[in-house]
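Worksheet: one structure, shown below.
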Amino acid sequence: MSPLLWWSLNIGMVIIAASVLLCSWRLLRGPELPDRILALDTLYTGMVAIVIVLAIRFDTALLFEAALIVAMMGFVSTVALARYITRGDVVE
């Protein structure tokens, strides 16, 4: 791995970790429920980004599949929570 790629991955990981921490703070201290749901969705996106950066760093394809699973779970949970807020029921 080239030094430029190594430094880029480390800097990217720090920036993504800061984003995850800020989203966690918004999740805990959000003024309203929609703010918390958006923070949770952004947390899923940050987790996918962390897993992808780790996959590039460790040069493994298995972590890309894990990132895909986390992204699908995040999408489904966001849709379910939004539906619960708007209708009061997830399944009709």
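Each reported figure results from applying straightforward, stated rules to the coordinates on display, with no laboratory input. Everything numeric here is computed off the predicted structure, so don't read it as measured data. Cβ coordinates were reconstructed from backbone atoms using ideal geometry, including for glycine residues, and neighbour counts include every protein chain displayed.
Please list, in order along the stretch 10-21, the HN-Hα scalar couplings obtained from phi with the Karplus expression 6.51 cos²θ - 1.76 cosθ + 1.60 (θ = phi - 60°), rounded to whole Hz, x for Gly and Pro.
So the J values, rounded to whole Hz, are 5, 5, x, 5, 5, 5, 5, 5, 5, 5, 5, 5.
Rounded to the nearest 20 Debye, what is the dipole magnitude of the chain about its Cα centre when Lys and Arg each give +1 and Asp and Glu each give -1 at the C-beta?
So the dipole magnitude of the chain works out to roughly 200 debye.
Dividing the alpha-carbon radius of gyration of the chain by 2.2 N^0.38 Å (N being the number of residues), what value is obtained?
Taking N as the residue count of the chain, the ratio is 1.29.
Could you run the Karplus curve 6.51 cos²θ - 1.76 cosθ + 1.60 with θ = phi - 60° over the stretch 73-82 and give me ³J(HN,Hα) per residue in whole Hz, x for Gly and Pro?
5, x, 5, 5, 5, 5, 5, 5, 5, 5
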